[in-house]
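Working notes for the structure below.
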Amino acid sequence: MTQLPILILPGTLCTGTMFSEQINQLQQYCQDITVVQFSTEKSLTEMANKVIKATNNVPCAIIGFSMGGIVALEVAKSQPQLIAKLALLNSNCHGDLPERKIARITQIAQAKSGQLSELISETFLPNYLFKADNAHEKLIMEMAESLGTDCFVAQVMAIEDRPDSLSVLQQLKSDILIIGGKQDKICPVEHQQMMHDAVPNSRLELLEQCGHFAPLEQAKKVSNLLTHWYLSNSL
């Protein structure tokens, strides 16, 4: 049987570097793994079109981390047949929250003033990890700085004003895996549980001692969960 290609969709200011352990393990079973890097796409539609192009019109196993999960659901709106399997890592399907929109205006202004590094280190990092880890923090900072201010502004603007997409998730016929961190402050347990309860064909895994960056903080567990998800009736 044909092997499913794997597409990895990173989160805001993230690159494929943070998925190195997952990629290394999944490469034992799949040689067609692509990280769809988002940069200055200014809308969810543009991001989704980039993913659709990357599928080459072939159904794929899609792994969406945080913002990447939101993009995956945007793909599902128009091209659900391209999502053979879906893994949502530390993500959500709710519409943009008013209080977050207000915060984003301030964050964009700070980034544009040349303080992107300070914004990430002082505002975002304290909410990203279950516990401080120099290696993880260094990687997160390096990813953000390599992508830069223009990327940050574009990504923030792309996901604001997005509608709730729970109904889109419910209509997918895919094998759906939902992974969350029990200490995730950005995409909390309550929302992961809500998605799982609303989607009977989903599997929910909530990881202990884990914040928003599960692929880093619980790298081996996430790798094993993704491997099991990928191999289940996929080959």
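The values are calculated or read from the model by the stated rules, or taken from the named source; none is laboratory data. Just so it is clear, the structure is predicted and the values come from calculations on it, not from any experiment. Cβ atoms come from the backbone with ideal geometry, glycine included; neighbour counts cover every protein chain shown.
The numbered conditions (1) assigned to a helix (DSSP H, G or I); (2) of a type in the set (A, V, I, L, M); (3) surrounded by fewer than 23 Cβ atoms within 10 Å (Cβ to Cβ); (4) touching a strand residue (DSSP E or B) at 6+ places or on another chain (Cβ under 9 Å) are all true for Val51 except (3).
Taking region 32-73, which residues are touching a residue at least 60 places away in the same chain (Cβ under 8 Å) and farther than 20 Å from Leu226 by Cα? Write out each step before concluding.
Let us first name the residues in region 32-73 that are touching a residue at least 60 places away in the same chain (Cβ under 8 Å), namely 38-44, 46-47, 61, 63, 65-73.
Across region 32-73, the qualifying residues are Phe38, Ser39, Thr40, Glu41, Lys42, Ser43, Leu44, Glu46, Met47.
Determine whether Gln192 is crowded, with 19+ Cβ neighbours inside 10 Å, under 24 Å from Ala61 (Cβ atoms) and among the polar types (S, T, N, Q). For Gln192, the condition - crowded, with 19+ Cβ neighbours inside 10 Å, under 24 Å from Ala61 (Cβ atoms) and among the polar types (S, T, N, Q) - is met.
Check region 71-86 and report whether any residue there is hydroxyl-bearing (Ser, Thr, Tyr) and under 22 Å from Leu139 (Cβ atoms). Don't jump to the end; show me each part of the working.
Here is the first cut: in region 71-86, the residues hydroxyl-bearing (Ser, Thr, Tyr) are 78.
Now restrict to residues that are under 22 Å from Leu139 (Cβ atoms): none.
No.
Of these, Leu147, Leu207, Leu216, Leu225, which one is farther than 23 Å from Phe130 by Cβ and among the aliphatic types (A, V, I, L, M)?
Working: Leu207 fails: farther than 23 Å from Phe130 by Cβ; Leu216 fails: farther than 23 Å from Phe130 by Cβ; Leu225 fails: farther than 23 Å from Phe130 by Cβ.
Leu147 is the lone residue from the list that is farther than 23 Å from Phe130 by Cβ and among the aliphatic types (A, V, I, L, M).
I'd like the residue in region 54-91 that is charged (D, E, K, R) and within 15 Å of the chain's Cα centre (by Cα) and, out of all such residues, is surrounded by the most Cβ atoms within 10 Å (Cβ to Cβ). Checking each candidate, the answer is Glu74. Hey, any hits in region 14-26 for a residue that's in a helix (DSSP H, G or I), of a type outside the set (Lys, Arg), touching a Gly at 6+ places or on another chain (Cβ under 9 Å) and modelled with pLDDT of 95 or more? Yes.
Name the residue that is nearest to Phe152 (Cα to Cα), counting only residues in region 96-140 that are among the basic types (Lys, Arg) and exposed (fewer than 15 other Cβ atoms within 10 Å of the Cβ). Spell out how you get there, then give the answer.
Step one: list which residues in region 96-140 are among the basic types (Lys, Arg), which gives 100-101, 104, 112, 131, 138.
In the following step, the residues that additionally are exposed (fewer than 15 other Cβ atoms within 10 Å of the Cβ) were identified as 100-101, 112, 131, 138.
Details: Arg100: 15, Lys101: 14, Lys112: 10, Lys131: 24, Lys138: 18 Å.
Among those that are among the basic types (Lys, Arg) and exposed (fewer than 15 other Cβ atoms within 10 Å of the Cβ), it is Lys112.
All conditions but one from (1) in contact with a Ser or Thr (Cβ under 7 Å, 6 or more places away or on another chain); (2) on the phi > 0 side of the Ramachandran plot; (3) not charged (D, E, K, R) apply to Asn233; the one that does not is (1).
Would you check if Asp184 is of a type in the set (Asp, Glu), in contact (Cβ under 8 Å) with a residue 24 or more places away in the chain, over 17 Å from Gly64 (Cα atoms) and part of a loop (DSSP other than H, G, I, E, B)?
Working: of a type in the set (Asp, Glu): yes; in contact (Cβ under 8 Å) with a residue 24 or more places away in the chain: yes; over 17 Å from Gly64 (Cα atoms): no; part of a loop (DSSP other than H, G, I, E, B): yes.
For Asp184, the condition - of a type in the set (Asp, Glu), in contact (Cβ under 8 Å) with a residue 24 or more places away in the chain, over 17 Å from Gly64 (Cα atoms) and part of a loop (DSSP other than H, G, I, E, B) - is not met.
Among the helices (runs of 4 or more DSSP H) contained in region 92-170, which hold 2 or more residues that are modelled with pLDDT of 95 or more and closer than 25 Å to Lys77 by Cα? Because the criterion is at least 2 residues that are modelled with pLDDT of 95 or more and closer than 25 Å to Lys77 by Cα, the helices (runs of 4 or more DSSP H) in region 92-170 that meet it are 134-159.
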